[in-house]
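The values are calculated or read from the model by the stated rules, or taken from the named source; none is laboratory data. These numbers were taken from a predicted model, which means no experiment stands behind them. Positions of Cβ are backbone-derived with ideal geometry, glycine not excepted, and every protein chain shown enters the neighbour counts.
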């Protein structure tokens, strides 16, 4: 695991790193490692005193001292402290910069593409990686599903790792000869300065719609958090905004003249644009206009939102030096991200998809995509997470009105009452909706949807995607929408499929 990487041999001078900082009780602090959790502190390391959402780091200074910390990183002088202090305006961002310096500034030796946005981050980063690797470049990835240094892969713990882990993953990439990285940058990570120390060659904002308002409170702070990605772009680096999304495009005036700006989208006037030619259950075909060059592309991905993700990835890949032909090859050879409109096929005469969509915008896009290519009905199973943004629950209910049959169930209720969450979702649904069903048990809800499906229908199981557990009342229970679906479908349809194959043999 990357978290076990030991300290680096060279000490970092905070006086050199932060020439504008003030120092209390010393002229300088040199650290061989840095931590923001007092329990992790090692001798001669720096302790970053961070004001968290639930606790103030100042409460844990004595523990850090007992473990051998040789200095504190603070945003104001702390009286009565014998330990040297480095006073900076933003401790979180400074801590990220210290971590990057301790790791040898690895992002200066990598071409890193950072993707942020409410939806589409994971798919876009995965397409970028495929494009680069098919073109002979070694690419690491950090995101919601997995972390990879370009060679080894580990399950992800956070969409964007903490500052120390992020720096060490970048060091791991650079030291192994990986040349590129595609990383997801969540709004939490950007707001908390986790990525403030890294340097991006390209930054792309897919869209900005409602999510995480439990943390950010409202749209403006959420958008401001997303905008912080622009602070990490190196001079001459790319900034790409989605011309089809008002939230992304609203940051256009914040792009510095020192950066290379590109618009992308499905609008013809975008710098990198796609003209949709065909959509079906087998995928999509589109014509890509790439800075004066036009090429035809085919992808197995379904939906216009995925065409937009392909265009986003193409925008980044072109900036990183790939040719149009290499970009087309990457699009054609990319197939699926786990849990992103992942198709479940067990011989049934209808379509089943599992998707991570947990915002109203993402759910609406998935349903619209399926409606355009489904001859029968759309049956949607969905819920909303507990202990999270309550304001989006009725919005999810409203988005689900696009389905012919909406089955409201539990997502990850966490510490909340599942029925209370469902009530808030249903509050956004019209009483005149053709058919809605409430089934708190997620496995039973999935089975109900699959039992209702008829030939030509599409079933969308939304909200959890690649996740393999359900969090209920503090318990982490094994649960995978894909496995639950396959288990039922295999029992019901696979014997019939086997009979059909034997009859045709």
Grab the strands (runs of 3 or more DSSP E) fully contained in region 56-127, keeping just those with 3 or more residues being surrounded by 18 or more Cβ atoms within 10 Å (Cβ to Cβ) and under 23 Å from the mean Cα position of the chain (by Cα). 111-116
For region 209-321, list the helices (runs of 4 or more DSSP H) that sit wholly inside it and hold at least 3 residues that are free of Cβ contacts under 8 Å to residues at least 40 places away in the same chain and surrounded by 15 or more Cβ atoms within 10 Å (Cβ to Cβ); which are they? 219-227
Residue 267: passes all of (1) under 23 Å from residue 241 (Cα atoms); (2) out of contact with any helix residue (DSSP H, G or I) (no Cβ under 7 Å at 6 or more places or on another chain); (3) in the same structural domain as residue 373 (by TED's automatic domain parsing) but (3)
Across (1) in contact (Cβ under 8 Å) with a residue 40 or more places away in the chain; (2) outside any loop (DSSP other than H, G, I, E, B); (3) closer than 30 Å to residue 272 by Cβ, residue 339 clears everything bar (2)
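For every residue, the table says whether it meets (1) farther than 19 Å from residue 413 by Cα; (2) modelled with pLDDT under 95; (3) surrounded by fewer than 20 Cβ atoms within 10 Å (Cβ to Cβ).
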residue: 337; (1), (2), (3): yes, no, no
residue: 356; (1), (2), (3): no, no, no
residue: 363; (1), (2), (3): no, no, no
residue: 371; (1), (2), (3): yes, no, yes
residue: 383; (1), (2), (3): no, no, no
Which one of these is modelled with pLDDT under 95 and within 29 Å of residue 12 (Cα to Cα): 143, 150, 114, 80? 80
Among the numbered criteria (1) at pLDDT 95 or above; (2) in contact with a helix residue (DSSP H, G or I) (Cβ under 7 Å, 6 or more places away or on another chain); (3) part of a helix (DSSP H, G or I), which one does residue 28 miss? (3)
Would you call residue 407 under 29 Å from the mean Cα position of the chain (by Cα) and at pLDDT 95 or above? yes
Filter result (in a strand (DSSP E or B) and over 14 Å from the mean Cα position of the chain (by Cα)) within region 128-153: 139, 140, 148, 153
State whether one or more residues within region 141-163 are buried (at least 24 other Cβ atoms within 10 Å of the Cβ), in contact (Cβ under 8 Å) with a residue 24 or more places away in the chain and closer than 20 Å to residue 327 by Cβ. yes
From the list 403, 449, exactly one residue is crowded, with 19+ Cβ neighbours inside 10 Å and in contact (Cβ under 8 Å) with a residue 60 or more places away in the chain. Which is it? 449
